[in-house]
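The values are calculated or read from the model by the stated rules, or taken from the named source; none is laboratory data. Note that this is a predicted model, so its numbers are computed, not measured. FYI the Cβ positions are ideal-geometry reconstructions off the backbone, even for glycines, and counts take in every protein chain you see. These area figures cover heavy atoms from the full protein model, side chains too; ligands, DNA and RNA do not enter into them. Shrake-Rupley method; radii C 1.70, N 1.55, O 1.52, S 1.80 Å.
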Amino acid sequence: MITEFHYHRRDKISALDPERPLFSGIYVPSRADSSTARDLSSTLEGMLRWADTTVLSRVGSGQPRVQTSKPLPERLYDALATVKVMTSKISMHLDRNWRSRLFRRLDELLNPEEWHEDDPILSASSFETYLRFVLLVRPTRDASLGVSNTGNLLAGWIDGRNRLTMELQPGDMVRWVLVRYVDDERETAAAQIGLTRLMQVLAPYQPECWLSLGD
Amino acid sequence: MERDSRPQHRYYPRAPITEAVIDFQFAEMVDARVCDRAKNRLKQIYPNTTDWIEYHVEVNPQTKASEFHERVRGFRLSDLDETCVVIVANTRFAVSRLAPYAGWDEFRERLVRDWKTFKSVAGYKKIARIGVRYINRIDIPLAGKPIELSDYIRFYLEVPQPPFPPIDQQFSQAVFSVAGRKIVLNTGTVPSPLIGYGSVALDIDIACDTNVPQTDDEILSYLETVRDQKNMLFEACITDRARALFEQ
């Protein structure tokens, strides 16, 4: 039985959102009037409701986790919890030590004592792009993490005088800027592209020096 | 030497379990103050706490009125990594483990420890239902071509191709009753978190709501049999090619 997994469909919906139901993409058929149609719709809705509401991590109080009206420490706590749950969804593909180090850096990054009231909170959809970048590229060197003034995650790597900084944007987009010394000559480059083309575009700058690529 | 008749359990370094849940539902409501005290005890282990409220919504199409009924009220507690979760509520007590799954022994020990803590505050509460649910997500590399689901799983929807084109999306549910247990099996395609992969969820839920075990020994013994059963069902639902994905 052939099954096609379309990129366009996957791109539209977040696979890592902790609040998103497991089978939310399933369609309920068009409305019809017969009792059989009603029975079928009702059964299908019941199945989906069951499949999507009985799991602990997915059911909340009905409120979005990150609300601007909440005090800053609570918003930071919610953002931290959200990105950790997102990471857990793919943690079978991550090295355990790498994951622990990531969590330590996130704890530091979203520490209320280091945060100003006006700073934007880390966007979950930007963090999703980071996780997809990690799974696609498999960098073994840890990045320094920050948050941009629009709430996107910033990841930076330094190797001597060579620097690479990425802004992970929602929807698998990356804006990057680099400084690379070749034969003592300084080169700079910047671009905004989709994740799938990232390594192709970075290849001439030998990104291994920052990312130490591995499995 | 006597042979162990119990099934052997396979260990997978990259187990596809995204969540494991053991859920006790009570025959009678637990007092809110009891839940609060249990939360305070468990908070030593699970420092992150949020309120846990489940609503039931009734909509009357004739009067266009809707009513919200609070069905469950309690707390969700989690550890610093947000992977170990406990729900203490007026109708239920549940422990959950998100990925990475650390194995049955760790999960059972947590249940025993946290249940003991809950009971030290709440005393005996009659259990009306015990549910064990394992949600797996199998991430399959696309390698530039459509996936033949039968290469990976053995429980899926089958339609004649042609005339039907390849399936974009599918969801199947089967319900079985075996020796007083209700087994619900869900499978379906789900969005993959990985670029260049397709994912299939395999969700196994085993529940018991008649002759429900009540003592700790009965509960643990019952859970061991459920463990055997859910592992057997999981292994029956997957192929060697899927197993290879979890062993890489």
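Listed conditions (1) modelled with pLDDT of 85 or more; (2) at the interface with another protein chain (Cβ under 8 Å from one of its Cβ atoms); (3) farther than 24 Å from A:Gly46 by Cα are all met by B:Val159, apart from (3).
In segment B:64-75, is there at least one residue being open to solvent by less than 20 Å² (accessible area, probe 1.4 Å) and either more than 18 Å from the chain's Cα centre (by Cα) or hydrophobic (A, V, I, L, M, F, W, C) (or both)?
Checked segment B:64-75: at least one residue is open to solvent by less than 20 Å² (accessible area, probe 1.4 Å) and either more than 18 Å from the chain's Cα centre (by Cα) or hydrophobic (A, V, I, L, M, F, W, C) (or both).
So that you can scan it fast, the table gives a plain yes or no per residue for (1) modelled with pLDDT under 90; (2) more than 13 Å from chain B (Cβ to nearest Cβ); (3) open to solvent by 20 Å² or more (accessible area, probe 1.4 Å); (4) on the phi > 0 side of the Ramachandran plot:
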site	(1), (2), (3), (4)
A:Leu102	no, no, no, no
A:Trp115	yes, yes, yes, no
A:Ile121	no, yes, yes, no
A:Phe127	no, no, no, no
A:Leu131	no, no, no, no
A:Val134	no, no, no, no
A:Pro139	no, yes, no, no
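Consider B:Arg37 carefully, then state whether it is more than 24 Å from B:Pro193 (Cβ to Cβ) and not acidic (Asp, Glu). Considered against the rule, which asks whether it is more than 24 Å from B:Pro193 (Cβ to Cβ) and not acidic (Asp, Glu), B:Arg37 comes out as yes.
Suppose the filter is in a helix (DSSP H, G or I), modelled with pLDDT of 90 or more and under 30 Å from A:Arg132 (Cα atoms); does B:Glu106 pass it? It is true that B:Glu106 is in a helix (DSSP H, G or I), modelled with pLDDT of 90 or more and under 30 Å from A:Arg132 (Cα atoms). Of the candidates B:Glu82, B:Glu148, the single residue that is open to solvent by 10 Å² or more (accessible area, probe 1.4 Å) and among the acidic types (Asp, Glu) is B:Glu148. Given B:Ile204, B:Ile183, B:Ile238, which one is open to solvent by less than 20 Å² (accessible area, probe 1.4 Å) and at pLDDT 95 or above? B:Ile238 is the lone residue from the list that is open to solvent by less than 20 Å² (accessible area, probe 1.4 Å) and at pLDDT 95 or above. Checked against the criterion of being in a strand (DSSP E or B) and farther than 22 Å from A:Thr82 by Cβ, segment B:6-23 has at least one qualifying residue.
Of the residues making up segment B:27-47, one or more are more than 14 Å from chain A (Cβ to nearest Cβ), among the basic types (Lys, Arg) and in a loop (DSSP other than H, G, I, E, B).
Note on segment B:107-122: residues that are open to solvent by 30 Å² or more (accessible area, probe 1.4 Å) and of a type outside the set (S, T, N, Q) amount to 6. Against the list (1) hydrophobic (A, V, I, L, M, F, W, C); (2) in a loop (DSSP other than H, G, I, E, B); (3) in contact with a Pro (Cβ under 7 Å, 6 or more places away or on another chain), the condition A:Val85 fails is (2). When you scan segment B:58-69, do you find a residue that is part of a strand (DSSP E or B), more than 9 Å from chain A (Cβ to nearest Cβ) and under 30 Å from B:Leu202 (Cα atoms), even just one? Looking through segment B:58-69, none of the residues is part of a strand (DSSP E or B), more than 9 Å from chain A (Cβ to nearest Cβ) and under 30 Å from B:Leu202 (Cα atoms). Residue selection: B:Asp139 fails the criterion of being farther than 30 Å from B:Val88 by Cβ, more than 8 Å from every other protein chain (Cβ to nearest Cβ) and in contact (Cβ under 8 Å) with a residue 24 or more places away in the chain.
Hey, could you check segment B:211-235 for residues that are more than 30 Å from B:Ser199 (Cα to Cα) and of a type in the set (S, T, N, Q) and say which is most open to solvent (accessible area, probe 1.4 Å)? Out of the qualifying residues, it is B:Asn211.
Considering only residues that are over 20 Å from the mean Cα position of the chain (by Cα) and either aliphatic (A, V, I, L, M) or farther than 29 Å from B:Lys125 by Cβ (or both), which ones fall in segment B:194-224?
B:Leu194, B:Ile195, B:Gly196, B:Tyr197, B:Gly198
When every residue of segment A:181-193 is checked against the conditions, none turns out to be modelled with pLDDT of 95 or more, under 22 Å from A:Leu94 (Cα atoms) and either in contact with a Lys or Arg (Cβ under 9 Å, 6 or more places away or on another chain) or open to solvent by less than 70 Å² (accessible area, probe 1.4 Å) (or both). Being within 14 Å of chain A (Cβ to nearest Cβ) and either without any contact (Cβ under 8 Å) to a residue 40 or more places away in the chain or over 18 Å from the mean Cα position of the chain (by Cα) (or both) is a condition met by no residue of segment B:225-233.
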